[in-house]
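Asker: Take this structure first; my questions come after.
The values are calculated or read from the model by the stated rules, or taken from the named source; none is laboratory data. The model shown is predicted, which means the values in this text are computed figures rather than measured ones. Cβ coordinates were reconstructed from backbone atoms using ideal geometry, including for glycine residues, and neighbour counts include every protein chain displayed. Keep in mind that these areas ignore ligands, DNA and RNA; they rest on the heavy atoms of the full protein, side chains included. Shrake-Rupley method; radii C 1.70, N 1.55, O 1.52, S 1.80 Å.
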Amino acid sequence: MSSSLPALDQWVAEVARLTSPDRIHWCDGSDAEARELTRQMLDSGELIALNPDSHPDCHLHRSDPDDVARVEHLTFVCTPQREDAGPNNHWLEPAQAHARIDALFAGCMRGRTLYVVPYCMGPIDSPLARCGVEITDSAYVVANMRKMTRMGAPALARIEREGHFVKGLHSTGELDPERRYIMHFPHELTIKSYGSGYGGNALLGKKCHALRIASWQARQEGWLAEHMLIVGIQNPQGDIHYIAAAFPSACGKTNLAMLIPPESYRQAGWKVWTVGDDICWMQPGADGRLWAINPEAGFFGVAPGTSQGTNRNALAMLDRDALFTNVAVTGDNQPWWEGLDDRVPALDWQGRPYDRASGTPAAHPNSRFTVSMHNCPSYTDEAENPAGVPISAIVFGGRRRHLAPLVVEACDWTHGVLIGASMASETTAAATGKVGVVRRDPMAMKPFCGYHFGDYWAHWLSFDRPGVTLPKIFQVNWFRRDDDGRFLWPGFGENLRVLEWIIARCRGQAGARDTAIGRLPDQDDLNLDGLDLDAADLQALLAVDADGWREEAEAIARHLDGFQPRVPPALLHERERLAQALAASTGTVAAEPTTTPTTAPSPA
Ligand code: OXD
Ligand code: MN
């Protein structure tokens, strides 16, 4: 097979000359093709069938133990000018980068099949969607791309019609960490990835295209490509408000996107709809609002911690047609991970007999599931709407033990951009490196912004212009702890209480108090009906520690300084404004305690 697009055929021929595959297969995305690839992977041992009674059509893949997460230190953005990649990216001069990685690609597909995977990021008929073609020598990557993107014949037809596409070249190579690179060439709309089969390094439609390349394209074209979930909150009157929320990797985006409302909310008629759990592309519409699509078609979620209690919707989508990576298995061959339930697995993620006394986790902390969006009980057809969904609020969240309150509303767009730009969070197992270290992760895009953060913040600020109705911006923190490490807020479904306040604020229907760091709810402003929350915990969650924030404002100044001379002056002024407001406030400013009994869910 080939295409009717000479540029595509020429590129495939060029790659074949470089990599010398035994066979070339153009993926059409059909069920028959998926069945045949699965059969081949079962034969080769790349996939292991899971219990067909409890988990029909579910499979397990075990990675090389040295290939289980994104590798930020081996990920490069290769712009012609070093400054354009910014201090937030590793950089190589493009010609040198091509030469270095092409030397690895030379002859690497000998004995292998070269798969050509045309894909579309976003609903196939959406003007907001963009297409790409990934060439890979991994059937496992093809199987993942089939769940995560609109892959195959319809995507190829769009590419042939449009005549352009993002080029992604991938080989698992030898899976040698010493021979591994993930390289991006934004000016050439090209990605080259060698030596890893891990999702974020190898499914090129996801982080490489939909965030690093797309963020760069979005800047040229006037839209935003963000590391955000999209969730629709339906109130008892039937109105749905869509919220886009940025959290760093493995901070609960999937759980928030699939939130199960607390019992009292369910009874009152609240519903939650999932549009996406990881990536959001947003563009101003003719009505001045921001309209968003989820460019993905599936979920590549973190398994550990997913349970009936934390994410019932996710569990319900994982009992059929799901692909698991690096989870443990029970004696009767069911997938298992820490936090799922109290069974003891028989084999760990590497297939070794599991001994609980070892004290090591059975599933890898970054073990994953890949599943189509259509499996999700809270999935909404609005995710297929070519126009996208209108965004009412943007939320920035991090994992912070101290300081950051449960929720804060930005005073305006510029303040919101400062909140996003100064986001900080504790690191997780989604990337290699130390876990639990606080690092600045602007807009949760630290690993994913394809250009200089200073320019990126200027791009964000540029959306605030006459005629627009921008979403309100909020900051949340579900992860506050006391000195013993105990979480102060229950999180998960209870987060809807915070989202209700956020939506009510967007509609001008809820109270808030002005503080130096933004607007916070008083205790009365939140619906805490049926929630058993310690009064001191609630007070701590809604308090502003002015001394701590003064230090934070200084730390933010140092952080912004690292991106000079490209930090937009408006952002520096905003930081100054924050510092001055904090200088005028003292001690810890607590929320007003509740004076009346908490009420049933209020209409929002
Ligand atoms: C992801 C990540 O896989 O952010 O979504 O690492
Ligand atoms: Mn992510």
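Asker: Kindly indicate the residue of the stretch 165-174 that is free of Cβ contacts under 8 Å to residues at least 60 places away in the same chain and open to solvent by less than 20 Å² (accessible area, probe 1.4 Å) and also nearest to D66 (Cα to Cα) among those meeting that condition.
Answerer: Top of the filtered list is H170.
Asker: Counting only residues that are touching a residue at least 60 places away in the same chain (Cβ under 8 Å), give me the strands (runs of 3 or more DSSP E) lying completely in the stretch 352-448 with at least 3 of them.
Answerer: Passing ranges, in order: 368-372, 389-397, 407-409.
Asker: Name the residues in the stretch 424-456 that are in contact with a Lys or Arg (Cβ under 9 Å, 6 or more places away or on another chain), open to solvent by 10 Å² or more (accessible area, probe 1.4 Å), within 16 Å of ligand 2 (Cβ to nearest atom) and of a type outside the set (K, R), would you?
Answerer: Result: E426, T427, T428, A431, T432, P447.
Asker: Right, something else. Filter the stretch 281-301 for residues that are part of a strand (DSSP E or B) and either touching a Phe, Trp or Tyr at 6+ places or on another chain (Cβ under 9 Å) or crowded, with 22+ Cβ neighbours inside 10 Å (or both) and give the result.
Answerer: W281, M282, Q283, P284, L290, A292, I293, G298, F299, F300, G301
Asker: Within the stretch 49-64, identify whether any single residue is open to solvent by 60 Å² or more (accessible area, probe 1.4 Å), in contact (Cβ under 8 Å) with a residue 60 or more places away in the chain and more than 27 Å from the chain's Cα centre (by Cα), and answer yes or no.
Answerer: The answer is no, given that none of the residues of the stretch 49-64 is open to solvent by 60 Å² or more (accessible area, probe 1.4 Å), in contact (Cβ under 8 Å) with a residue 60 or more places away in the chain and more than 27 Å from the chain's Cα centre (by Cα).
Asker: Report yes if some residue within the stretch 28-47 is assigned to a strand (DSSP E or B) and in contact with a strand residue (DSSP E or B) (Cβ under 7 Å, 6 or more places away or on another chain); otherwise report no.
Answerer: No, the stretch 28-47 contains no residue that is assigned to a strand (DSSP E or B) and in contact with a strand residue (DSSP E or B) (Cβ under 7 Å, 6 or more places away or on another chain).
Asker: Still on this model: How many residues are in contact (Cβ under 8 Å) with a residue 40 or more places away in the chain and assigned to a loop (DSSP other than H, G, I, E, B) if we restrict to the stretch 307-323?
Answerer: Adding up the residues that qualify gives 8.
Asker: Which residue, of K253, K271, is within 16 Å of ligand 1 (Cβ to nearest atom), in contact with a strand residue (DSSP E or B) (Cβ under 9 Å, 6 or more places away or on another chain) and charged (D, E, K, R)?
Answerer: Selected residue: K253, the only one of K253, K271 that is within 16 Å of ligand 1 (Cβ to nearest atom), in contact with a strand residue (DSSP E or B) (Cβ under 9 Å, 6 or more places away or on another chain) and charged (D, E, K, R).
Asker: Just wondering, is there one or more residues in the stretch 86-96 that are buried (at least 22 other Cβ atoms within 10 Å of the Cβ) and assigned to a helix (DSSP H, G or I)?
Answerer: Within the stretch 86-96 (the criterion being buried (at least 22 other Cβ atoms within 10 Å of the Cβ) and assigned to a helix (DSSP H, G or I)), the answer is no, since none of the residues qualifies.
Asker: Can L229 be described as within 12 Å of ligand 2 (Cβ to nearest atom), modelled with pLDDT of 95 or more, in contact with an Asp or Glu (Cβ under 9 Å, 6 or more places away or on another chain) and among the aliphatic types (A, V, I, L, M)?
Answerer: Yes.
Asker: Here is a check on your reading of the model: is A257 buried (at least 24 other Cβ atoms within 10 Å of the Cβ) and more than 15 Å from ligand 2 (Cβ to nearest atom)?
Answerer: no
Asker: If you scan the stretch 556-565, which residues turn out to be open to solvent by 70 Å² or more (accessible area, probe 1.4 Å) and either assigned to a loop (DSSP other than H, G, I, E, B) or of a type in the set (G, A, S) (or both)?
Answerer: Q564, P565
Asker: Also: Please specify each residue of the stretch 449-467 satisfying the condition of being in a loop (DSSP other than H, G, I, E, B) and under 18 Å from T75 (Cα atoms).
Answerer: C449, G450, Y451, H452
Asker: Working carefully through the options A245, A210, find the one that is within 13 Å of ligand 2 (Cβ to nearest atom), outside the structural domain of A139 (by TED's automatic domain parsing) and open to solvent by less than 10 Å² (accessible area, probe 1.4 Å).
Answerer: It is A245.
Asker: Tell me, yes or no, whether the stretch 154-164 has at least one residue that is under 28 Å from W91 (Cβ atoms), surrounded by fewer than 24 Cβ atoms within 10 Å (Cβ to Cβ) and more than 16 Å from ligand 2 (Cβ to nearest atom).
Answerer: Within the stretch 154-164, one or more residues are under 28 Å from W91 (Cβ atoms), surrounded by fewer than 24 Cβ atoms within 10 Å (Cβ to Cβ) and more than 16 Å from ligand 2 (Cβ to nearest atom).
Asker: Could you check, for the stretch 404-417, whether at least one of its residues is touching a Leu at 6+ places or on another chain (Cβ under 6 Å), closer than 22 Å to A555 by Cα, open to solvent by 10 Å² or more (accessible area, probe 1.4 Å) and not charged (D, E, K, R)?
Answerer: Looking through the stretch 404-417, at least one residue is touching a Leu at 6+ places or on another chain (Cβ under 6 Å), closer than 22 Å to A555 by Cα, open to solvent by 10 Å² or more (accessible area, probe 1.4 Å) and not charged (D, E, K, R).
Asker: Is it true that some residue in the stretch 270-277 is under 18 Å from the mean Cα position of the chain (by Cα), surrounded by 24 or more Cβ atoms within 10 Å (Cβ to Cβ), closer than 18 Å to F448 by Cβ and assigned by TED's automatic domain parsing to the domain that holds A429?
Answerer: Checking the stretch 270-277: at least one residue is under 18 Å from the mean Cα position of the chain (by Cα), surrounded by 24 or more Cβ atoms within 10 Å (Cβ to Cβ), closer than 18 Å to F448 by Cβ and assigned by TED's automatic domain parsing to the domain that holds A429.
Asker: Select from the stretch 256-268 the residues that are under 18 Å from G530 (Cβ atoms) and in contact (Cβ under 8 Å) with a residue 40 or more places away in the chain and write down the one among them that is nearest to ligand 1 (Cβ to nearest atom).
Answerer: Taking the candidates together, the pick is L259.
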